[in-house]
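Values in this text are rule-based calculations from the coordinates and carry no lab data. In this text the structure is predicted, and so the values were computed from the model without any measurement. Positions of Cβ are backbone-derived with ideal geometry, glycine not excepted, and every protein chain shown enters the neighbour counts.
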Amino acid sequence: REKLLPQGAMLAAANVEQQKERVSGRNVPDDMYNAVAGIDKLVICQCDEDPVHSLSAATVKDVLSAWQVYRQDFAERQRQYTAKVRIFNFARDTDFELWDLERQRPSDMCYGQQKGGWTRNSHGTALFIGQFFEPVGQAQLRSPRLKLNFKRFSGLLIRVYNQAVDNKYSFFLRTSDFDETRLQYEYEFECKAGSWHVIRMPFNAFKPVRADGVQLPDDEADNFPLRREDVVQMGVAVRTGDNPVLYTGDRLNYFSLAMEWVKVFRMQQEPQVVYLGRAADLEDASLGEAEDEDDEDDDGDDGEIMFNADSDLEADLMRMRTLKAQKEAAAAAEIQELEALALAAEGEQ
């Protein structure tokens with residue numbers, strides 16, 4: 001049965017009596033499985049003084065096991081719950097053919113004398129390759145026009161291999177008003193030559209930049225936040241930079257960037273388990289453990305709470321209280337005996 005609580009919380013009930021067979025991936029009671037479905041915070045309350053209503057360690061373990069089975073089934077294997085979702089896989093021809101070079105030249109998106117290509121290398125890896133012949137230039141590789149809503153996500157990941165010399169690239173996002181504002185949102189990254197890189201790009205790190213690569217002043221940039229729910233295009237831009245590097249002949253800033261995939265990731269909150277008990281029980285347990293540490297004549301039965309499938313939490317606490325009372329009684333008897341000896345000594349004097 002279910003009962004709606006204020007502020008969207010939901011209370012689910014299930015039979016948590018001790019199972020004949022331990023809960024596991026092959027044995028999960030339906031009512032217990034449904035009770036933990038969709039839960040991201042589990043609170044275990046051991047506050048009832050009546051031993052009849054107390055929770056055993058086996059019961060707690062069964063609930064946790066059912067929860068783990070659910071999260072394995074739905075929170076880790078299903079696409080809608082996964083922490084990373086692949087948008088483009090360039091090993092597939094369909095995804096590779098969707099992307100192309102920006103061919104409006106000259107324009108604010110592609111300028112300067114250049115040669116470029118979007119091809120595959122000898123290993124079949126997608127390759128954004130090119131070179132400039134002027135000290136000022138920009139080349140772009142872009143996706144088709146899309147309609148992407150990244151509101152529930154936190155950023156993008158790309159896996160790239162820089163086959164040329166060390167280079168600096170910018171990954172950009174465009175929103176639906178790009179044609180009017182001529183603004184895109186960029187994340188700049190550097191790639192060392194001859195190595196694979198996985199670039200993590202949080203959305204809050206993308207900065208508004210003019211299509212020609214000129215950054216906006218900080219006070220003006222604050223007026224153009226990235227609307228993650230309105231992304232219509234993405235791509236990679238490479239520019240000659242302030243210090244173009246000259247190669248053989250008149251070639252400047254040769255670049256060759258292999259691209260494997262583009263993914264979007266979300267920041268997931270880790271599940272929480274909270275155990276609540278009575279303060280008196282916690283105090284008794286801590287005092288009992290402290291006294292046991294100071295006891296040099298340990299006979300092996302020190303009253304430690306053993307959390308296993310056959311134990312009962314309330315019984316363990318009762319045993320702890322009994323041991324504490326016995327030690328207090330023994331200490332009181334010893335004091336009385338010392339006082340009696342002292343009085344006897346005074347009488348003899």
*Whole-Hz Karplus ³J(HN,Hα) for region 215-221, in order, using 6.51 cos²θ - 1.76 cosθ + 1.60 and θ = phi - 60°, x for Gly and Pro?*
6, 7, x, 4, 5, 7, 5
*For Gln326 and Asp177 in one chain, what is 0.36 nm times their gap in residues minus the Cα-Cα distance, to one decimal in nm?*
45.8 nm
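Just to confirm the filter: which chymotrypsin sites (Phe, Trp or Tyr not before Pro) across region 116-169 are DSSP coil and have at most 11 other Cβ within 10 angstrom of their Cβ? Spell out each step's value before the answer.
On the way: sites: Trp118, Phe128, Phe132, Phe133, Phe150, Phe153, Tyr161, Tyr169; in loops: Phe133, Phe150, Phe153.
Nothing satisfies the criteria.
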*Could you give the distance between the Cα centres of region 91-128 and region 146-165, to the whole Å?*
16 Å
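Would you work out if region 107-180 is rounded, prolate or oblate? Take a ≥ b ≥ c from the square roots of the eigenvalues of the alpha-carbon gyration tensor; rounded if a/c is under 1.5, else prolate when a/b is larger than b/c, oblate otherwise.
Cα axes put region 107-180 in the oblate bin.
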*For region 84-265, just say rounded, prolate or oblate: build the C-alpha gyration tensor, square-root its eigenvalues into a ≥ b ≥ c, call rounded for a/c under 1.5, and beyond that prolate if a/b exceeds b/c, oblate if not.*
oblate
*Extension gain (nm, one decimal) between Ala193 and Asp73, 0.36 nm per residue minus Cα-Cα*: 39.1 nm
